[in-house]
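Undergrad: Mind looking over this structure? Questions follow.
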Amino acid sequence: MKVALVTDSTADLPKPLRERLGIRAVPLYVNLGGRVYRDWEEITPEEIFRRVRSGEGFPSTSQPSPEDFAKAYAEALQEADHVLSIHISSKLSGTLQSAELAASQFPGRITLFDSQAASLGIGMMVLRAKELLDGGRDLKEVVAELDRIRQDHFVRFTVATLEFLRRGGRIGGAQALLGTLLQIKPILTLKEGRVETAGRARGERKAREAILEDFRAWAKDKGGIRAFFLYSAEEGAVKELKERVLSSGLPVEEALVSELGAVIASHTGPGTYGFYAYSL
């Protein structure tokens, strides 16, 4: 059985990579200045941040429609017998719900998978699924491996400004103001599909040290590890963290470095950086 892969734009997989691997990504939407833009196609994080700084207001985001997914599924099923559709956490977005409605139009031919992740957390699962499918694994084996990764992976990230998190309701206004004044950087993770605080540090250097310490604790006694580094607007923000992770003495390899797309960046702001990792 030939299986095609579909994801959504919040997987933050670069378009050239997706096209080379034959992976379809259904875009979410960014709403800014009275217009609606398709993520990764019609607006960039840099444009969003520039317009916010100019006083245009903060963006909001919205999920794809069931019709968007139905179109992607119909196209994929012209080339394959079945579709494996891997998406952003259902606790962060209604994207999976739209996919479920679309999948009902293709009974028995769509398998949906809730990554309980965002950004490259989704992307790393999509790439792993592609690797296994190309290696001859069947759908049941692939889904089992994705479930293993979903249950045991590492993710930490931090942000340069707390304002985008405040606007998105992740932290309160007083907490955001105090954190900014004291240069407190939140260290964030995803737990069971929701963004949660894993710690806080005063300043950039201590934030990187805390992330690396958490990673060492997670990676203890693990074999080969693949790391997926993410950043928003400036790749330099993740450079030192990446160098320290790769020179940590742990069995870790750089799998991908990618910029956050406009949808995820709308919720985290410029200067965000961090990484996902899973063990083989």
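The values are calculated or read from the model by the stated rules, or taken from the named source; none is laboratory data. Everything numeric in this text was worked out from a predicted model, so none of it was measured. Cβ atoms come from the backbone with ideal geometry, glycine included; neighbour counts cover every protein chain shown.
Undergrad: For region 8-28, name all the residues that are surrounded by fewer than 21 Cβ atoms within 10 Å (Cβ to Cβ) and part of a strand (DSSP E or B).
TA: Across region 8-28, the qualifying residue is only 24.
Undergrad: Still on this structure, please answer the following. With the structure loaded, tell me whether residue 227 is small (Gly, Ala, Ser), closer than 23 Å to residue 259 by Cα and assigned to a strand (DSSP E or B) or whether it fails that test. Working first, answer last.
TA: Working: small (Gly, Ala, Ser): yes; closer than 23 Å to residue 259 by Cα: yes; assigned to a strand (DSSP E or B): yes.
Considered against the rule, which asks whether it is small (Gly, Ala, Ser), closer than 23 Å to residue 259 by Cα and assigned to a strand (DSSP E or B), residue 227 comes out as yes.
Undergrad: Report the residue count in region 239-280 for those that are out of contact with any strand residue (DSSP E or B) (no Cβ under 9 Å at 6 or more places or on another chain) and in contact (Cβ under 8 Å) with a residue 24 or more places away in the chain. Steps first, answer last, please.
TA: Let us first name the residues in region 239-280 that are out of contact with any strand residue (DSSP E or B) (no Cβ under 9 Å at 6 or more places or on another chain), namely 240, 243-244, 247-249, 269-270.
With in contact (Cβ under 8 Å) with a residue 24 or more places away in the chain added as a condition, the list becomes 240, 244, 248, 269-270.
The total comes to 5.
Undergrad: If you don't mind, there's one more thing I want to ask. Give the number of residues within region 103-132 that are surrounded by fewer than 24 Cβ atoms within 10 Å (Cβ to Cβ), in contact with a helix residue (DSSP H, G or I) (Cβ under 6 Å, 6 or more places away or on another chain) and part of a helix (DSSP H, G or I).
TA: 2
Undergrad: Can you find, within region 80-102, the residue that is surrounded by the fewest Cβ atoms within 10 Å (Cβ to Cβ) among those that are closer than 20 Å to residue 3 by Cα and of a type in the set (D, E, K, R)?
TA: The selected residue is 81.
Undergrad: Would you check which residues across region 54-79 are among the polar types (S, T, N, Q) and free of Cβ contacts under 8 Å to residues at least 60 places away in the same chain and list them?
TA: Quick first cut of region 54-79, residues among the polar types (S, T, N, Q) only: 54, 60-63, 65, 78.
If the condition is that a residue be among the polar types (S, T, N, Q) and free of Cβ contacts under 8 Å to residues at least 60 places away in the same chain, then 54, 62, 63, 65, 78 are the ones that fit.
Undergrad: Looking at (1) modelled with pLDDT under 95; (2) buried (at least 20 other Cβ atoms within 10 Å of the Cβ); (3) under 26 Å from residue 278 (Cα atoms), can you tell me which one residue 166 breaks?
TA: Here residue 166 meets the rest and fails (3).
Undergrad: For region 29-44, how many residues meet the condition of being farther than 19 Å from residue 98 by Cα and in a strand (DSSP E or B)?
TA: Result for region 29-44: 3.
Undergrad: OK, next. Of the residues 115, 54, 60, which is under 30 Å from residue 142 (Cβ atoms) and hydroxyl-bearing (Ser, Thr, Tyr)?
TA: Exactly one of 115, 54, 60 is under 30 Å from residue 142 (Cβ atoms) and hydroxyl-bearing (Ser, Thr, Tyr), namely 115.
Undergrad: Within region 88-113, work out how many residues are within 14 Å of the chain's Cα centre (by Cα), of a type in the set (Ser, Thr, Tyr) and farther than 14 Å from residue 26 by Cβ. Working first, answer last.
TA: At the first step, the residues of region 88-113 found to be within 14 Å of the chain's Cα centre (by Cα) are 88-93, 95.
Next, from what is left, pick out any that are of a type in the set (Ser, Thr, Tyr): 89-90, 93, 95.
From what is left, the residues that are farther than 14 Å from residue 26 by Cβ are 89-90.
Selection size over region 88-113: 2.
Undergrad: Can you name the residue in region 175-213 that is in contact with a Lys or Arg (Cβ under 6 Å, 6 or more places away or on another chain) and part of a helix (DSSP H, G or I) and is also modelled with the lowest pLDDT among such residues?
TA: Only one residue tops the list, namely 176.
Undergrad: Tell me, yes or no, whether region 103-113 has at least one residue that is closer than 24 Å to residue 154 by Cα and in contact (Cβ under 8 Å) with a residue 24 or more places away in the chain.
TA: Step one: filter region 103-113 for residues closer than 24 Å to residue 154 by Cα, giving 112-113.
Still in the running and in contact (Cβ under 8 Å) with a residue 24 or more places away in the chain: 112-113.
The answer is yes, given that some residue of region 103-113 is closer than 24 Å to residue 154 by Cα and in contact (Cβ under 8 Å) with a residue 24 or more places away in the chain.
Undergrad: Return the residue satisfying two criteria in turn: it lies in region 215-224 and is out of contact with any Ser or Thr (no Cβ under 7 Å at 6 or more places or on another chain) and in a loop (DSSP other than H, G, I, E, B), and of such residues it is farthest from residue 161 (Cα to Cα).
TA: My answer is 221.
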